[in-house]
Amino acid sequence: MERPNRKSIVRKLLCKTSGFTFVETIIAFSIVGIFLTLTWGTVTFLLSKTMEQIERTRGHFLATEGIELVRQIRLTALNRNREIGFMDSIRKLSGDYSLSSQGEGFTLESVLNGGVQMIEMDEEPYTTYCRTLTFSSAGDDQNQRIVISSVRWGDPEDCSKGDKQIAYSTLLADMTQ
């Protein structure tokens, strides 16, 4: 009895002419399906993280803008030689305020009954932000005030109840002394 040559057995297995079997086809489709599912999950995850990052960047910008607008109000008063009156009014501020535009500048308005300044974005992702400026004393020194600009978002119906928040603070000192 002649032993089959190892090369001939391998050649027979590799050179089949019958094509794919049903099991091989099922395995190939399963591998392609798993690959497509993983790709879809990855793309969906990356898109959601991109939208979250856009919202967070806007929140940082709005909080910084709030601080800068308070500084702009203060510098405008300084340039117009009204710093003493402005610092007198700043010394009296305590609690939450919002910014409102008045002509070419901005003014501070007291926020009553928990109301806040709502800022709606009209581009994707469509989100509403609430910005509040909080003034408080800086210890015993009545010539300084702490200003906190906080921005909240995340609740589609009421941004003041949103679960995402960013806040920045600064110290305003009386420059006339």
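The values are calculated or read from the model by the stated rules, or taken from the named source; none is laboratory data. Bear in mind that the values here come from a model prediction, so they are computed numbers and not experimental data. Here Cβ is always computed from backbone atoms with ideal geometry, including for glycine, and neighbour counts include all displayed protein chains.
Which one is nearest to the chain's Cα centre (by Cα), of the residues in segment 137-177 that are at pLDDT below 85 and either assigned to a helix (DSSP H, G or I) or within 14 Å of R58 (Cα to Cα) (or both)? Among those that are at pLDDT below 85 and either assigned to a helix (DSSP H, G or I) or within 14 Å of R58 (Cα to Cα) (or both), it is G154.
So in segment 118-136, with the set limited to residues that are touching a strand residue (DSSP E or B) at 6+ places or on another chain (Cβ under 9 Å) and of a type in the set (D, E, K, R), which one is farthest from D96 (Cα to Cα)? That would be E120. Of the residues screened, L133 is not one that is at pLDDT below 80, under 30 Å from I54 (Cβ atoms) and surrounded by 18 or more Cβ atoms within 10 Å (Cβ to Cβ).
If you go through segment 94-129 and pick out every residue that is outside any strand (DSSP E or B), closer than 21 Å to V70 by Cβ and modelled with pLDDT under 70, you end up with 6.
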